[in-house]
Amino acid sequence: MVETLYAMMEVHFKAKMTQVEPPKEDIFKKHTFARRSAQRYDEKTKLLTFKIFDTFNNAGKVKDELWKLLGKEKVLEEWGAQGLFLMTSNGEIFNAMEDERLLKVFKMPTLEEFLDSLMPSTAGVPST
């Protein structure tokens, strides 16, 4: 089976209220997070960005790990997600907030498996 491999997840948050301050500490440094990651706040766009750099095939699981960490820091209470972007290992970028299927794991058959399902082998069937 062929499955999509991702190389990065990037999530953008915008403050729900005008008086919200971004986290003072990098939450990835404050808490032990098993994946390479980065946190950034852009003063110009007012976006709080979290990036995870890792090879993974289950984007939903990685998102849930991040949400759990953000919940500990109350980020989800004060900030609303604006975009959740996934980059595949071959450089394609998708917005998972526009297509939630990207957060689910689908096992895609190889071409050979697909063709076999359409035309099962008749090698063991005697001819008449």
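Given a Förster distance of 25 angstrom, what is the FRET efficiency for residue 20 paired with residue 97, based on the Cβ-Cβ distance and rounded to 0.05?
0.75
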Next item on the list: Sequence neighbours fewer than 8 away in the same chain don't count; with that in mind, list the aspartates and glutamates whose C-alpha is under 16 Å from residue 74.
Entry: 21, 25, 26, 64, 65
Item checked: Stokes-Einstein D in µm²/s, Kirkwood radius over Cα pairs - region 6-118 at 37 °C with 0.692 mPa s viscosity -> 213 µm²/s
Check: Given the Cα-Cα distance of residue 46 and residue 77 and 0.36 nm per residue of separation, how much length would full extension add, in nm?
Finding: 9.5 nm
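What size of dipole, in debye to the nearest 20, comes out for region 6-118 about its Cα centre when the only charges are +1 on Lys and Arg C-beta atoms and -1 on Asp and Glu C-beta atoms?
Rounded to the nearest 20 debye, it is 540 debye.
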Margin query: For a quick check: with amide H placed at 1.01 Å from N, whose amide H comes under 5 Å from residue 79's, ignoring anything fewer than 5 positions away on the same chain?
Written below: 16
Check: Around residue 72, with a cut-off of 14 angstrom between Cβ atoms, what is the net charge of the other residues, counting Lys and Arg +1 and Asp and Glu -1?
Finding: -3
Next item on the list: Please give every one of the aspartates and glutamates within straight-line cross-link reach of residue 16, meaning a C-alpha to C-alpha distance under 17 Å, and leave out same-chain neighbours fewer than 8 residues apart.
Entry: 42, 43, 73, 77, 78
Margin query: I'd like the FRET efficiency for residue 34 and residue 87, computed as 1/(1 + (r/R0)^6) with the beta carbon distance as r and R0 of 25 Å, rounded to 0.05.
Written below: 0.85
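FYI, it's all coordinate maths here, none of it is from the lab. Only a predicted model underlies this, so the values are computations on that prediction, with no experimental measurement involved. Positions of Cβ are generated from backbone atoms using ideal geometry, with glycine treated the same way; all protein chains shown enter the neighbour counts.
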